[in-house]
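Q: Take a look at this one; I'll ask things after.
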Amino acid sequence: MLDACARLKELPGALLPILHAVQETLNFVPKDAVPLIARELNLSVAEVHGVVSFYHYFLQERPGRKRVHLCRAEACQALGSAALEAHAKAKLGIDYHGTTSDGAITLEAVYCLGNCALGPSLMIDHQLHGRVTPERFDALMTQCRESP
Amino acid sequence: MKIYVPRDAAALGVGADDTAQTILAEAKRRAIPIDLIRNGSRGLLWLEPLVEVDVAGTRVAYGPVQSRDVAGLFDAGFTAGLPHALGHGATDQIPYFKKQERLTFARVGLTDPRSLTDYLAHGGYRGLTAALAMKPADIVAGVTASGLRGRGGAAFPAGIKWKTVLGAPGAQKYVVCNADEGDSGTFSDRMLMEGDPFVLIEGMTIAALATEATRGYIYLRWEYPQAKLALEAAIAAAAAAHYLGQNIQGSGKSFELEVRMGAGAYICGEETSLLESLEGKRGQVRFKPPLPAIQGLFGKPTVINNVITFASVPIILDRGAAYYQHFGMGRSRGTLPMQLAGNIKHGGLVEIAFGMTLREILYEYGGGSFSGRPIRAVQVGGPLGAYHPESQFDTPLDYEAFAAIKGMLGHGGIVAFDDGVDMAAQARYAMEFCAIESCGKCTPCRIGSTRGVEVIDRLIAGENPAKQETILRDLCETLTYGSLCALGGLTPYPVISALNHFPQDFVKPVRASSASG
């Protein structure tokens, strides 16, 4: 993490690129990281915490091995995403921001993945999936659980 | 032989990578030499993965092609363009595509988005070449004369914005591209960045020449990882060929360009909030004035425009302002890439001149609903756009015509809903979305959105509905006139339009699906 700071801190507006680097490496931005980043960028801890907590993408707790973003926006709603959402929550036994008990999957809401003609959509890590039926959702979750 | 399989995210989402791998494997097995090109999408999204075969210069389309269909296509002789159940003939003769007027999207889906050579072979960088021979003020005058208005949603004349930046004093100026395409129902920015990233880079470079800016940023949402890959590859290729960086094409002009990732905040599509985010801060909206054109990124004069706005500039410089201006109606000049989405049979990208009616695009292009049921409501212009009933479907797609019916074209997203939609749930969702995505700076948006959800809940529950409706309308007025930016200011659009056009949905007794339809 200090490496990411050293590499990126001279960029104008370096905080977001640094947080992205930490998020990509660790899958979250640990609480302990905040004072270190603040020191490197000569910002207050409050300022860095304020930024981390503002953006939905940066997680403050360690997520499951796979991060599943389910689209809740209108175009997907028009194709039945509310039913898919109910199915997903019931099937995984968690609500949004929750992680399955086996630590495999964290479920999150997202507001548009730009796949509005082929919804309902979801994204697993950075992989987009369109026309997701409940059956397809189950198959995808099985794949998630099987992957390391 | 050339075979095209899109790498557009929408195509990947329905299996284009598997299709591509199977085509390669099957061709190898049959000892047929092929050249597989991963293009952008042609925009006929219901046919994705759309595989095209180049047969003596004609692109023949097959789709949707899943991995399991590939062997059968080879058996049928698709490499020679022969018929198959999934065949659609020549791509450019498919009516959906043929009737379009593709100016900004001219190359999207046609070329290899990673190849600068391909870009140059299809008329790329002719706009920049023209701009390099012009004075900044003349470039600005050309863009002004074209009538190009900001395609992000606000439709502010691009030339006027650029003129302000050119006239603003300052040694350091910036060009910023707003690629935080967060509106539901829109994907034209994504398709363009994935399918023809060079045209955006060229447009931004022209903007830099026009305003004497030397640094640029593309602020891209994290939800678009494929666009990031495409842009970064194109920026590297453009820099290697001296179309970016120091001394562009020997002109002595310089422009450095970088992609910066957003982190999941709808509000960062608002320009001042985006600038805050680029500076490494919380994406909170700034007061205006000062305008970003005077004090933008890091307090310096900044051109900030949407992806499609910048991408429309090269053709204006190449073909002339009059050519572009000739398309369109009234004060809406040129073309608008409309995006057909939601419950629609033929969803995709339709670039046409302003002026076609909503009904024509829904039925002649869209083919009606995906479910086969009647289209009951259409939301135009993203989550802050109004819901339109069938009685308004004859409105022409024109900024002023939509403003006249208390709607907006916005970024060109059209989301269709069939008769299963619960409009009270949609109104509630609009308030809920505003509450989730509000930056929190101004009170009407921060508090009003949460109060809005509560009032709608009481209204739906039938608790003194006349009173609740009065409160809701009053609250919406406060949001409209008291909010700092468009998020709070326009959230009443979907709410009030749902209430006005579909009042019956609000008076039913408590229903099971009152959460989020």
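The values are calculated or read from the model by the stated rules, or taken from the named source; none is laboratory data. Quantities reported herein were computed from a predicted structural model and do not represent experimental measurements. Using ideal geometry, Cβ is built from the backbone for each residue, glycine included, and neighbour counts are taken over all protein chains shown.
Q: For the stretch B:495-516, name all the residues that are within 14 Å of chain A (Cβ to nearest Cβ) and at pLDDT 95 or above. So that I can check it myself, show each step before the final result.
A: Start the filter on the stretch B:495-516 by keeping residues that are within 14 Å of chain A (Cβ to nearest Cβ), which leaves B:495, B:497-498, B:511-516.
Once the filter is applied, which keeps residues that are within 14 Å of chain A (Cβ to nearest Cβ) and at pLDDT 95 or above, the stretch B:495-516 yields B:Val495, B:Ser497, B:Ala498.
Q: Restrict the check to the stretch A:83-98 and report whether at least one residue is closer than 28 Å to B:Pro494 by Cα, surrounded by fewer than 20 Cβ atoms within 10 Å (Cβ to Cβ) and among the aromatic types (Phe, Trp, Tyr). Break it down stepwise before answering.
A: Let us first name the residues in the stretch A:83-98 that are closer than 28 Å to B:Pro494 by Cα, namely A:83-89, A:95-97.
Cutting the leftovers down to surrounded by fewer than 20 Cβ atoms within 10 Å (Cβ to Cβ) gives us A:83, A:86-87, A:89, A:95-97.
Filter again for among the aromatic types (Phe, Trp, Tyr), leaving A:96.
Yes: the stretch A:83-98 contains one or more residues that are closer than 28 Å to B:Pro494 by Cα, surrounded by fewer than 20 Cβ atoms within 10 Å (Cβ to Cβ) and among the aromatic types (Phe, Trp, Tyr).
Q: Of the residues that sit in the stretch B:220-241 and are at the interface with another protein chain (Cβ under 10 Å from one of its Cβ atoms) and touching an Asp or Glu at 6+ places or on another chain (Cβ under 6 Å), which one is surrounded by the fewest Cβ atoms within 10 Å (Cβ to Cβ)?
A: The selected residue is B:Gln226.
Q: For the stretch A:3-13, check the following and say yes or no: at least one residue is touching a strand residue (DSSP E or B) at 6+ places or on another chain (Cβ under 9 Å), at positive phi and not assigned by TED's automatic domain parsing to the domain that holds A:Leu107. Lay out the reasoning, then the answer.
A: At the first step, the residues of the stretch A:3-13 found to be touching a strand residue (DSSP E or B) at 6+ places or on another chain (Cβ under 9 Å) are A:11-13.
Imposing the further condition that a residue be at positive phi reduces the set to A:13.
Those left that are additionally not assigned by TED's automatic domain parsing to the domain that holds A:Leu107: A:13.
Checked the stretch A:3-13: at least one residue is touching a strand residue (DSSP E or B) at 6+ places or on another chain (Cβ under 9 Å), at positive phi and not assigned by TED's automatic domain parsing to the domain that holds A:Leu107.
Q: While we're looking at this one, here's another question. Take the stretch B:242-269 and flag every residue that is of a type outside the set (D, E, K, R) and within 12 Å of chain A (Cβ to nearest Cβ).
A: Within the stretch B:242-269, the subset of a type outside the set (D, E, K, R) is B:242-252, B:254-255, B:257, B:259, B:261-269.
B:Val259, B:Met261, B:Gly262, B:Ala263, B:Gly264, B:Ala265, B:Tyr266, B:Ile267, B:Cys268, B:Gly269, listed by residue number.
Q: Only one residue in B:Ala430, B:Ala386, B:Ala425 is within 14 Å of another protein chain (Cβ to nearest Cβ) and more than 23 Å from the chain's Cα centre (by Cα), so which one is that?
A: B:Ala425
Q: State whether one or more residues within the stretch B:506-515 are among the small types (Gly, Ala, Ser) and surrounded by 23 or more Cβ atoms within 10 Å (Cβ to Cβ).
A: Step one: list which residues in the stretch B:506-515 are among the small types (Gly, Ala, Ser), which gives B:512-515.
If we keep only those that are surrounded by 23 or more Cβ atoms within 10 Å (Cβ to Cβ) too, we end up with none.
Within the stretch B:506-515 (the criterion being among the small types (Gly, Ala, Ser) and surrounded by 23 or more Cβ atoms within 10 Å (Cβ to Cβ)), the answer is no, since none of the residues qualifies.
Q: Follow-up. What is the number of the single condition among (1) within 14 Å of chain A (Cβ to nearest Cβ); (2) assigned to a loop (DSSP other than H, G, I, E, B); (3) free of Cβ contacts under 8 Å to residues at least 12 places away in the same chain that B:Gln284 does not meet?
A: All conditions are met except number (3).
Q: For the condition within 21 Å of the chain's Cα centre (by Cα), away from every other protein chain (no Cβ under 11 Å) and either of a type in the set (A, V, I, L, M) or not in a loop (DSSP other than H, G, I, E, B) (or both), what is the one hit in B:Leu274, B:Leu291? Even if it seems obvious, please write down each step before you answer.
A: On the way: B:Leu291 fails: within 21 Å of the chain's Cα centre (by Cα).
Sole residue among the options that is within 21 Å of the chain's Cα centre (by Cα), away from every other protein chain (no Cβ under 11 Å) and either of a type in the set (A, V, I, L, M) or not in a loop (DSSP other than H, G, I, E, B) (or both): B:Leu274.
Q: Does any residue of the stretch B:319-335 turn out to be buried (at least 19 other Cβ atoms within 10 Å of the Cβ), within 14 Å of another protein chain (Cβ to nearest Cβ) and either closer than 24 Å to B:Leu192 by Cα or not hydroxyl-bearing (Ser, Thr, Tyr) (or both)?
A: no
Q: Follow-up question, since we're still on this one. Does B:Gly328 qualify as being touching a strand residue (DSSP E or B) at 6+ places or on another chain (Cβ under 6 Å) and in contact (Cβ under 8 Å) with a residue 12 or more places away in the chain? Give the derivation first.
A: On the way: touching a strand residue (DSSP E or B) at 6+ places or on another chain (Cβ under 6 Å): yes; in contact (Cβ under 8 Å) with a residue 12 or more places away in the chain: yes.
In short, yes.
Q: Can you confirm whether the stretch B:195-217 contains a residue that is aliphatic (A, V, I, L, M), within 14 Å of chain A (Cβ to nearest Cβ) and not in a loop (DSSP other than H, G, I, E, B)?
A: Scanning the stretch B:195-217 turns up no residue that is aliphatic (A, V, I, L, M), within 14 Å of chain A (Cβ to nearest Cβ) and not in a loop (DSSP other than H, G, I, E, B).
Q: Pick from A:Val29, A:Val52, A:Val22: which is crowded, with 19+ Cβ neighbours inside 10 Å and closer than 22 Å to B:Ser438 by Cβ? Break it down stepwise before answering.
A: Values: A:Val29 fails: closer than 22 Å to B:Ser438 by Cβ; A:Val22 fails: closer than 22 Å to B:Ser438 by Cβ.
One residue alone meets the criteria, A:Val52.
Q: Across the stretch B:273-304, what is the total count of residues that are surrounded by fewer than 24 Cβ atoms within 10 Å (Cβ to Cβ) and either out of contact with any helix residue (DSSP H, G or I) (no Cβ under 8 Å at 6 or more places or on another chain) or at pLDDT 95 or above (or both)? Even if it seems obvious, please write down each step before you answer.
A: Taking the stretch B:273-304 as the starting set, the residues that turn out to be surrounded by fewer than 24 Cβ atoms within 10 Å (Cβ to Cβ) are B:276, B:279-282, B:284, B:286-291, B:293-295, B:298-300.
Filter again for either out of contact with any helix residue (DSSP H, G or I) (no Cβ under 8 Å at 6 or more places or on another chain) or at pLDDT 95 or above (or both), leaving B:276, B:279-282, B:284, B:286-287, B:289-291, B:293-295, B:298-300.
So the count comes out to 17.
Q: Return only the number of the condition from (1) in the same structural domain as B:Ala238 (by TED's automatic domain parsing); (2) not in a helix (DSSP H, G or I); (3) not acidic (Asp, Glu) that B:Leu340 does not satisfy.
A: Against the list (1) in the same structural domain as B:Ala238 (by TED's automatic domain parsing); (2) not in a helix (DSSP H, G or I); (3) not acidic (Asp, Glu), B:Leu340 comes up short only on (1).
Q: Further question: Looking only at the stretch A:109-133, filter to residues that are among the aliphatic types (A, V, I, L, M) and in a loop (DSSP other than H, G, I, E, B); which one of those is nearest to the other protein chains (Cβ to nearest Cβ)? Steps first, answer last, please.
A: Filtering the stretch A:109-133 for residues among the aliphatic types (A, V, I, L, M) gives A:109-110, A:113, A:117-118, A:122-124, A:128, A:132.
Remaining after also requiring in a loop (DSSP other than H, G, I, E, B): A:113, A:117-118, A:132.
Working: A:Leu113: 5, A:Ala117: 3, A:Leu118: 6, A:Val132: 9 Å.
Per the criteria, the residue is A:Ala117.
Q: Looking at the structure I just gave you, is B:Gly367 more than 13 Å from every other protein chain (Cβ to nearest Cβ), over 16 Å from the mean Cα position of the chain (by Cα) and assigned to a loop (DSSP other than H, G, I, E, B)? I'd like the intermediate steps shown before the answer.
A: On the way: more than 13 Å from every other protein chain (Cβ to nearest Cβ): no; over 16 Å from the mean Cα position of the chain (by Cα): yes; assigned to a loop (DSSP other than H, G, I, E, B): yes.
Here the answer is no, as B:Gly367 does not meet what is asked.
Q: Give the residue, chosen from B:Gly412, B:Gly452, B:Gly489, that is touching a helix residue (DSSP H, G or I) at 6+ places or on another chain (Cβ under 9 Å) and at positive phi. Outline the logic, then answer.
A: Numbers: B:Gly452 fails: at positive phi; B:Gly489 fails: at positive phi.
Of the residues listed, the single one that is touching a helix residue (DSSP H, G or I) at 6+ places or on another chain (Cβ under 9 Å) and at positive phi is B:Gly412.
Q: Okay, next question. Considering only the stretch B:137-170, how many residues are assigned to a helix (DSSP H, G or I) and either within 26 Å of the chain's Cα centre (by Cα) or surrounded by 17 or more Cβ atoms within 10 Å (Cβ to Cβ) (or both)? Explain how you work it out, then say what you get.
A: Step one: list which residues in the stretch B:137-170 are assigned to a helix (DSSP H, G or I), which gives B:137-146, B:158-167.
So of that shortlist, the ones also either within 26 Å of the chain's Cα centre (by Cα) or surrounded by 17 or more Cβ atoms within 10 Å (Cβ to Cβ) (or both) come out as B:139-146, B:158-166.
The qualifying residues number 17.
Q: Consider A:Thr106 against the criteria (1) out of contact with any Phe, Trp or Tyr (no Cβ under 9 Å at 6 or more places or on another chain); (2) surrounded by fewer than 24 Cβ atoms within 10 Å (Cβ to Cβ); (3) away from chain B (no Cβ under 13 Å): it satisfies all of them except one. Which criterion is unmet?
A: (2)
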